[in-house]
Amino acid sequence: MEITNVKVEVLLPEQHIFKLKNKLNDAGLLNIGNYDHVLSYSHTKGYWRPLENSTPFNGKIGEVSFGKECKIEFRCTYSNMKKVEQIIKEIHPYDEPIINFIPLLN
């Protein structure tokens, strides 16, 4: 079976969603059929500890932090994964953004 589409999941602060959504949409990456801007998000909570040589967006090096962020989800073609990753890394405020590409069977 050939994988043609992937689900993209990204964790980021809510205030960055609008800019990321618009940049992805302007690049034609949020289109599904006759719709664009197709993206959803939900609020979530997480833990992290910045280690040496990190430049944390939130928290202090060596201390475990807890906070709110959002998970955005959308679908893109397998062939556009690198383009999506590049745009996310341009806008994302974290040193190490979590970007999951999950193969879709439908």
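The numbers here are math on the coordinates, done by the rules we state, and not lab data. It should be emphasised that the depicted structure is a prediction, and the values quoted were computed from it without experimental measurement. Note: ideal-geometry Cβ built from the backbone for every residue, glycine included; neighbour counts use all protein chains shown.
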For the stretch 18-38, state whether one or more residues are over 18 Å from Lys89 (Cβ atoms), touching a helix residue (DSSP H, G or I) at 6+ places or on another chain (Cβ under 6 Å) and surrounded by fewer than 16 Cβ atoms within 10 Å (Cβ to Cβ). yes
Given the conditions (1) within 22 Å of Asn106 (Cβ to Cβ); (2) without any contact (Cβ under 8 Å) to a residue 60 or more places away in the chain; (3) assigned to a helix (DSSP H, G or I), every one holds for Leu24 apart from (2)
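Restricting to the stretch 44-76, name every residue that is of a type in the set (D, E, K, R), in contact (Cβ under 8 Å) with a residue 24 or more places away in the chain and in contact with a Pro (Cβ under 8 Å, 6 or more places away or on another chain). Break it down stepwise before answering.
Residues of the stretch 44-76 of a type in the set (D, E, K, R): 45, 49, 52, 60, 63, 68-69, 71, 73, 75.
Filter once more, so that each one left must be in contact (Cβ under 8 Å) with a residue 24 or more places away in the chain: 45, 68-69, 71, 73, 75.
Listed by number, the list holds a single entry, Glu69.
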Of (1) part of a loop (DSSP other than H, G, I, E, B); (2) in contact with a strand residue (DSSP E or B) (Cβ under 8 Å, 6 or more places away or on another chain); (3) surrounded by 15 or more Cβ atoms within 10 Å (Cβ to Cβ), Asn58 satisfies every one except (3)
Residues satisfying the stated conditions in the stretch 77-95, i.e. within 12 Å of the chain's Cα centre (by Cα) and either on the phi > 0 side of the Ramachandran plot or in contact (Cβ under 8 Å) with a residue 24 or more places away in the chain (or both): Met81, Val84, Ile87, Ile88, Glu90, Ile91, His92, Pro93, Tyr94
